[in-house]
Amino acid sequence: MKKDIKYKLVKASKKDIPRLIQYKEEIIYMYSKGLSGEEKENINEYIITSVNETLKDYYNIVFDDKIIGSILLKDIQEGKLIDEIYIEKEFRNNGIGTDIIKKLIENNESIYLWVYKDNTKAVSLYKRLGFKVIDETESRYYMEYNVKGKNKN
C-alpha cells in the first residue's frame with residue numbers, strides 16, 4: 001500500500017444503514033446517466049430495500065476509528081461475490097481497496113464481482129489482479145477470479 005494505511009473490516013449494523021444507502025446511491029448515480037424521474041424513484045426504492053435486505057453482508061472499512069468506506073460481500077454458491085466496494089474520496093488511491101481484494105483472493109477459491117464498464121480504473125485494477133470478464137450487460141461486466149483457473153491461459 002502506498003501510505004501503509006492500517007484499516008480493519010467491521011460488521012455493519014443498523015446504525016450504518018443511512019451511510020450505506022448514501023454510498024450505494026453515489027456508486028449507482030455516478031455511472032447512470034439520463035435517468036427519468038420515475039427511474040430515479042425506482043432506483044432509490046431499490047437502494048433502500050437492497051441495503052436493508054443485505055445488511056448482514058456489509059462490512060465497514062475502518063481507519064483510525066473512522067468509517068472510511070464499506071464492502072458488501074455475499075456468499076454465493078460459486079464462492080464470494082463482492083457486490084459493492086466503496087471508499088471515501090480522501091482515502092482512495094492509497095491501496096486500501098486493492099489490499100482488501102488481494103486478501104479476499106488469498107482466502108477464497110472463487111471471487112466474483114460486477115463493475116461498471118465506465119469505471120475504467122476499477123476494470124483495469126481487477127484485470128491486473130487476475131479477474132476475467134465472464135459476462136456483461138450493456139453497462140457492466142461480471143468478472144471472476146478463480147484460483148483453479150489461474151493457469152488456464
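Compactness check for segment 99-144: Cα Rg over 2.2 N^0.38 Å is 1.11.
Here the spin labels are modelled as points 7 Å beyond Cα on the Cα-Cβ line, and at LYS89 and TYR31 they lie 2.0 nm apart. Only protein heavy atoms count here; under a 1.4 Å probe, LYS89 has an accessible surface of about 140 Å². Think of segment 95-137 as a dipole: +1 on every Lys or Arg Cβ, -1 on every Asp or Glu Cβ, centred on the Cα centre; then among LEU125, ILE105, VAL115, LEU125 lies furthest on the positive end.
Entry for the chain at q = 0.09, 0.14, 0.15, 0.20 Å⁻¹: log10 I(q)/I(0) = -0.29, -0.73, -0.85, -1.47, Debye formula applied to identical alpha-carbon scatterers, no solvent contribution.
The values are calculated or read from the model by the stated rules, or taken from the named source; none is laboratory data. On a predicted model such as this, the values are computed, not experimentally measured, just so you know. A quick note on method: Cβ atoms are made from the backbone with ideal geometry, for glycine too, and the neighbour counts reach across all protein chains shown. Ligands, DNA and RNA are excluded from the accessible area calculation, which covers all protein heavy atoms including side chains. Shrake-Rupley method; radii C 1.70, N 1.55, O 1.52, S 1.80 Å.
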